[in-house]
Amino acid sequence: MAILQRLFIALELSKKQIDELDTLQMKIKGYLEGLRWVKPEEIHLTLKFLGETDEHKIDQIKKAMDNAAAQISHFQSQFGGCGVFPSAQTARVIWIGIKEGSASIRHLAEIMENNLSGLGFEPEKRDYNPHLTMARLRYPLSDDLIRRFLDQENSFETSTTNLNKVVLFNSNLTRHGAVHAPIYKAYFQQDIGTQ
């Protein structure tokens, strides 16, 4: 019988960036209610959600990650600005955007998508839109509250960090939310050998 693991591929944030997002969450909690917050230490930049995956495919996934990482130089990343999905009137997700490193992130996601579709993973139908999910709404909020969030937090930005690897995570769903554990890291070309 196949053993399945719930997997995704993502970029990790620095400890400082996680702390900055934690501070932002505390501020937003002061005026937005009814949100399910992503724990700051669980926030990451998803490149590809693989879903329930046969563990026999993990070695192939690692090779696909190594291949993609070999085509990318390490780069600087900074997060900032904010938004909601799908729209201010029907907001269901609150997110933070990318200030620096967007082109490299999109390029990496494109390579990863191509490599993984060759392994049978369904290609995304929507264009890749890199973001950090901060919270999900339990129920609709008023236009005024959403506008206040968009106006007040749009100037937010994190510190800048150097990204040098892409990470395969196992996502374990618990009563208290998802717990993510890294199971493999593929280093970008200038950082091979520093593992």
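For every residue, the table says whether it meets (1) farther than 24 Å from Q60 by Cβ; (2) modelled with pLDDT of 95 or more.
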position	(1), (2)
L150	yes, yes
S155	yes, yes
H176	yes, no
D191	no, no
| query | Right, G97: within 18 Å of L150 (Cα to Cα), of a type outside the set (K, R) and without any contact (Cβ under 8 Å) to a residue 60 or more places away in the chain or not? | reply | yes
| task | Pick out the one residue from D19, D59 that is of a type in the set (D, E) and free of Cβ contacts under 8 Å to residues at least 12 places away in the same chain. | result | D59
| Name the residues in region 11-55 that are among the polar types (S, T, N, Q) and part of a helix (DSSP H, G or I), would you? | Q17, T23, Q25
| said: The conditions are (1) within 21 Å of M26 (Cβ to Cβ); (2) at pLDDT below 95; (3) not β-branched (V, I, T), and G118 fails exactly one of them. Which is it? | reply: (1)
| request: Check A135, A178 and return the single one that is of a type in the set (G, A, S) and buried (at least 17 other Cβ atoms within 10 Å of the Cβ). | output: A135
| Which pairs have Cβ atoms under 8 Å, sit 6 or more apart or on different chains, and link a residue in region 119-131 that is in contact (Cβ under 8 Å) with a residue 24 or more places away in the chain to one that is among the polar types (S, T, N, Q)? | L119/Q60; P130/S102
| task | Only one of these is within 26 Å of T160 (Cα to Cα), at pLDDT 95 or above and touching a Leu at 6+ places or on another chain (Cβ under 7 Å): K27, K48. Name it. | result | K48
| remark: Restricting region 141-184 to residues that are in a strand (DSSP E or B) and either within 17 Å of K99 (Cβ to Cβ) or of a type in the set (S, T, N, Q) (or both), the one farthest from the chain's Cα centre (by Cα) turns out to be T174
| query | Applying the selection to region 40-84, what residues are over 15 Å from L168 (Cβ atoms), surrounded by 15 or more Cβ atoms within 10 Å (Cβ to Cβ) and among the charged types (D, E, K, R)? | reply | E42
| Wholly enclosed strands (runs of 3 or more DSSP E) of region 62-140 bearing at least 3 residues polar (S, T, N, Q) | 75-85
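The values are calculated or read from the model by the stated rules, or taken from the named source; none is laboratory data. In this text the structure is predicted, and so the values were computed from the model without any measurement. Backbone-built Cβ (ideal geometry, glycine too); neighbour counts: all protein chains shown.
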